[in-house]
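Worksheet: the structure to be examined is printed underneath.
Nothing in this text is a laboratory measurement; each read-out follows from the coordinates by a stated rule. Just so it is clear, the model here is predicted, and its values are computed rather than measured. Heads up, the Cβs are rebuilt from the backbone with ideal geometry, glycines too, and the neighbour counts pull from every protein chain shown.
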Amino acid sequence: METNNSDTALPFFNRDISWIDFNERVLEEGLRKDLPLLERFRFLSIVASNFDEFFMVRVAAIKAIPPAAPLEDPSGLSPAEQLKGISEKAHSIIRRLYDCMMGEIFPGLAKKGLVFLRPDSYTLPQMDYLESFFIGQIYPVLTPLRIEEEQALPFFESRSINAAFLIVPENAEGGAAEHIVIVPLPRSMSRIIWLPEASPHANSQEGNERHQWALLDDVLLTWGNYLFPGFRIRESMLFKVNRDADFSVDERRDEDFIVAMEEVLENREKSEPVRMVYSPGSVRLRDELAKRFSIGTDDLYEVEGPFNPGDLLELTSVAGFENLQEPAWKIHPAPGLNEDTPVWDWISQGDVMLHLPYQSFDPVIRFFQEAASDPAVISIKTALYRTGGSSSGVSPVVRALEQAALNGKQVTALVELKARFDEERNISWANRLEKAGVIVVYGLSRLKVHAKITMVLRREHDRIKRYVHLSTGNYNEKTARFYEDFCLFTCREEIAYDAGLLFNMITGYSLIQTMRHLVIAPAGLKPRLLELIERETKRSDQKYPGKIMVKCNSITDTDIVAALYRASCAGVKVLVCVRGICTLIPGVHGLSENIQVISVIDHYLEHSRMYYFANGGAEELYLSSADLMHRNLERRVELMFPVLDGKLRSEFRDMLSAYFHDNCQARSLDSKGTWTRLCPAGGEQPFRVQKDMLSRAAGESKNLWPVKQEFIVRRSPPNQD
C-alpha cells in the first residue's frame with residue numbers, strides 16, 4: 001500500500017502501477033492452459049498493444065514532469081519512483097508474455113497444424129522459395145537508410161518495425177570501418193508469408209492439414225545482404241520505438257482548428273522516443289541506437305519473438321482451425337423489433353435498453369438510417385467521439401448522416417477531433433460530412449466531448465416528437481461487437497427536453513442550464529455523484545445500512561474515492577467492479593473495510609459505466625459515458641442519465657449485482673494491491689457473469705411482443721358559423 005507523506009492524507013494506489021496490474025490480469029488469461037490456443041494468443045496481443053499506447057501517453061507524461069515540480073501523485077510516489085516501478089513490472093510482464101508465446105502458443109499451434117518456422121528450421125526448398133519471394137516481392141519496396149555518425153537519425157514512425165544492419169566491405173579485415181544501415185519493414189505487406197507444402201497431403205500430429213508460415217521480419221534479416229552489394233553483414237537486429245504521443249492542440253491559437261490538429265498529429269510522429277523494443281543479435285547496434293534515441297537502460301525491452309503480435313491475428317481466421325479459439329458467441333436480436341417495425345413505433349412503446357454485444361448493434365444503425373430516409377424526420381443532432389469505418393470503408397452512422405443531409409434534413413454533428421489516436425479519422429469524417437451539407441461542430445475549446453447522445457426530431461400528428469439515444473459506448477459498429485456497453489432509446493419528453501438543452505450548450509452559446517434528469521460534466525456530474533454518495537452515507541445506519549454499486553473502467557478521482565471511504569466508515573456497503581485502474585484501496589481497517597473491489601476479464605471487454613444507490617429503498621440507477629477519473633469529471637463533457645422505467649431499473653440492478661457473484665472470471669483486490677482470482681467455494685455452483693448476460697439476452701430475444709398500432713381519426717373542424 002502506498003500512502004501520501006501527509007499525516008492527514010488518505011491512502012491511494014498509484015494509477016499507472018494499477019494500470020499495469022490490469023494488463024497483468026489480461027496476461028493471466030493468455031497464460032491459462034485451459035483456453036484454446038488462439039484465444040490465448042488474442043489476450044497476449046492485447047497486452048502487447050496496450051503497452052505501446054501506455055508508453056506513448058502515460059510514461060511520456062511522467063517523463064515530462066520537471067524534476068523540481070511539486071509532488072502531485074496521490075500515492076506519494078515521485079516521478080522517478082513511478083518510472084522505476086513501471087519499468088520493473090513492465091519488464092516482468094513482457095518477459096512472461098514472450099516466454100508463453102514462444103514456449104507454449106506457437107509450439108502448441110504447430111502441433112495442431114499452424115506451424116511458425118524460424119530461419120534455422122527452413123528446409124532447402126523453403127529457403128529457395130523464400131529467397132525468390134524476397135527478391136521478387138520484398139526487395140523492390142525496401143528502402144535502406146544510411147546512418148551517419150554526425151547526422152540526425154532518419155525519422156522512424158512510432159510502432160513501426162525496422163531492421164538494423166552493421167555492415168563492412170566484403171573483403172575487409174577485422175579493423176575495417178563499420179557502417180549502420182536501417183531498413184523499415186513495409187507496412188503495406190502482410191508479415192505472414194505462407195509457405196508451400198513439400199507434400200500437398202502433409203498433416204499435423206492432430207490429423208489436420210498443415211499450414212506453415214514464415215515471418216516477414218525474419219526473411220528480411222536472412223536475405224538482407226541483397227541490399228548491400230560489395231558489403232557483408234556483421235551483425236543485425238530488429239527494433240521499434242514508442243514516441244511521445246502526449247500532445248494536445250494549442251486551443252488558444254486563432255488559426256483553423258483542423259490545421260492546428262493536423263500539426264499535433266505531425267509533431268506526435270516526430271516526437272522523442274520513450275521506449276525501444278529490440279531483438280537479440282547485436283549489443284553494439286542496441287547500444288548505438290539507444291544512445292542516438294537518448295533511451296536509458298530501463299526503457300530498453302529485449303523480446304525473443306514477433307513484435308506487434310496483433311499484426312498476426314490473421315492466424316485466427318485460417319479455415320479449419322476454428323477449434324483453436326472460443327466459439328463465437330451468438331449476438332441476439334433486440335426484443336420487439338423486426339424488419340417491418342419502424343424504430344419510432346418500437347421506441348414509442350416505452351424505454352428500450354440494449355446490452356451490447358449480447359444484443360445486436362443493428363437497431364442503433366437503423367435509428368440513423370431510418371432517420372435519414374423518413375420523410376417525417378426534420379432534424380438529427382448527434383455527438384460523435386469514435387466511429388467505425390476505415391480507409392477501406394465508411395462508418396454506417398457517418399453514411400446515414402451524410403444521406404440525411406443530402407435528403408434535405410437539418411443535420412448537426414459534433415465531431416470530437418481530440419479523440420486520441422482517432423483524430424485523423426475524425427477529421428476525415430468531419431470533412432466528408434461538411435461536404436454533404438451537415439452542420440459540423442469541432443468539439444469545444446479546452447474540453448473533450450465524450451458524451452454519447454443522438455436526438456431525432458420527427459413530425460407526427462401536427463407536432464414535433466423527439467427520439468433520443470443515450471449510450472455508455474461509442475457509435476462504432478466494430479467495437480460494438482466486442483465492447484460490453486448499454487444504450488437506451490427513449491421518447492420521454494423530459495429526457496428529450498434536457499437533450500435539447502445539452503445540444504444547445506455544446507453547439508452554440510449558452511450558459512449551463514439546469515436539467516431535471518440528464519447530468520453533465522464538467523458542470524454537474526461530479527457534484528451530483530458526491531451528493532448521491534453523501535446521501536447514502538447519511539441515510540445508512542446499523543439497522544438499514546446503505547448500499548452503493550459501481551461499475552466503471554477506472555476509478556482515480558480522489559474526491560470520489562474519499563467520499564466512498566466516508567461511506568464505508570458509515571457502514572455503507574460499497575461494491576466496485578472496475579475493469580482497469582483502481583487507486584481506491586479496499587479492506588483498510590477503520591477506513592474501507594466495507595468496500596469490495598472486483599475486476600472481470602473475460603470474452604468481451606467490459607466498458608459500461610453504471611452507478612447504483614439504494615436510497616433507502618427508493619433505488620436510483622444511472623448509466624454514464626464517464627469513468628470516475630479527474631479527466632472525465634472535470635475536463636470533458638460527459639453525460640450521466642437515469643434509468644427511469646421501473647422494470648428496466650430492476651433489470652439493470654440485477655445485472656449489476658450479478659457481477660459481484662462471478663466466481664469464474666472475477667478477481668478481488670485486497671489492501672496490499674494483490675488481485676486474487678475468485679473460484680467456487682465448496683458446494684458453490686460456478687457462475688460466469690458474461691455467460692449469464694448472454695443467457696439473459698437469449699431470453700429477451702424471445703419476447704417478440706407486437707408493436708401496438710394506433711389509428712388516428714382525422715375529423716373536420718366543427719362548424720364555426
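Brief remarks on what is shown
- Region 15-324, relative contact order in percent, only Cα pairs under 8 angstrom and at least six apart counted: 23 percent
- The stretch between Leu406 and Ala618, if pulled fully straight at 0.36 nm per residue, gains 71.6 nm over its current Cα-Cα span.
- Net +/- balance of residues flanking Val689 in space, Cβ distance below 12 Å, scoring K and R +1, D and E -1: -2
- Taking region 15-324 as the region of interest, the number of lysine pairs whose Cα atoms are within less than 27 Å, with members eight or more places apart or on different chains, is 16.
- Each 5 Å bin, from zero up to the one with the longest distance, holds this percent of the alpha carbon pairs of region 1-133: 2, 9, 15, 15, 13, 11, 10, 8, 6, 5, 3, 2, 1, 0, 0.
- Those chymotrypsin sites (Phe, Trp or Tyr not before Pro) in region 440-515 that DSSP places in a loop and that have at most 11 other beta carbons within 10 Å: Tyr509
- Segment His661-Asp128, length gained on full extension (0.36 nm per residue, minus Cα span): 186.1 nm
- FRET efficiency, 1/(1 + (r/R0)^6) with R0 25 Å, evaluated for His91 and Ser294 via beta carbons: 0.80
- A cut-off of 5 Å between modelled amide H atoms, ignoring neighbours fewer than 5 places along the same chain, links Gly473 with Phe486.
- Each of Ser471, Ser160 has some number of other Cβ atoms within 10 Å of its Cβ, and from fewest to most they run Ser160, Ser471.
- By the count of other C-beta atoms within 10 Å, a proxy for reagent exposure, Asp645, Asp485 are ordered fewest to most as Asp645, Asp485.
- For region 343-517, average projected area of the Cα convex hull in nm²: 10.2 nm²
- What the phi angles of region 332-345 give under the Karplus curve with 6.51, -1.76 and 1.60, with θ = phi - 60°, is a coupling list of 8, x, 5, x, x, 10, 10, 4, 8, 9, x, 4, 5, 5 Hz, glycine and proline written as x.
- For region 591-697: relative contact order, % (alpha-carbon pairs under 8 angstrom, 6 or more apart): 25 percent
- Per DSSP, loop GluC sites (Glu not before Pro) in region 262-362 with at most 13 further Cβ within 10 Å: Glu304, Glu339
- Scattering curve values for region 322-426, log₁₀ I(q)/I(0), Debye with Cα scatterers, q = 0.10, 0.12, 0.21 Å⁻¹: -0.37, -0.53, -1.22
- Partner lysines for Lys330 [C-alpha distance under 21 Å; skip if fewer than 8 residues away on the same chain]: Lys478, Lys691, Lys702
- Measuring nothing but how far apart in sequence close Cα pairs (under 8 Å, 6+ apart) lie, relative to its length, region 520-701 scores a relative contact order of 22 percent.
- Inverting the pair-averaged 1/r between distinct Cα atoms of region 520-701 gives 16.8 Å as its Kirkwood hydrodynamic radius.
- Loop trypsin sites (Lys or Arg not before Pro), region 489-559, which have at most 12 other Cβ atoms in a 10 Å radius of their Cβ (DSSP): Arg516, Lys543
- Counting 0.36 nm for each residue step from Glu39 to Phe155 and taking away their Cα separation leaves a gain of 38.2 nm.
- DSSP beta bridges in the chain [antiparallel fraction, %, rounded to 5]: 70 percent
- Percent of C-alpha pairs per 10 Å bin in the chain, short distances first: 2, 12, 21, 24, 20, 12, 5, 2, 1, 0, 0, 0.
- Paramagnetic reach from Glu272 in region 141-174 [backbone N under 19 Å; point 7 Å along Cα→Cβ]: 152-159
- Region 15-324 - Rg (one decimal) and Dmax (whole number), Cα, Å: 21.6, 68
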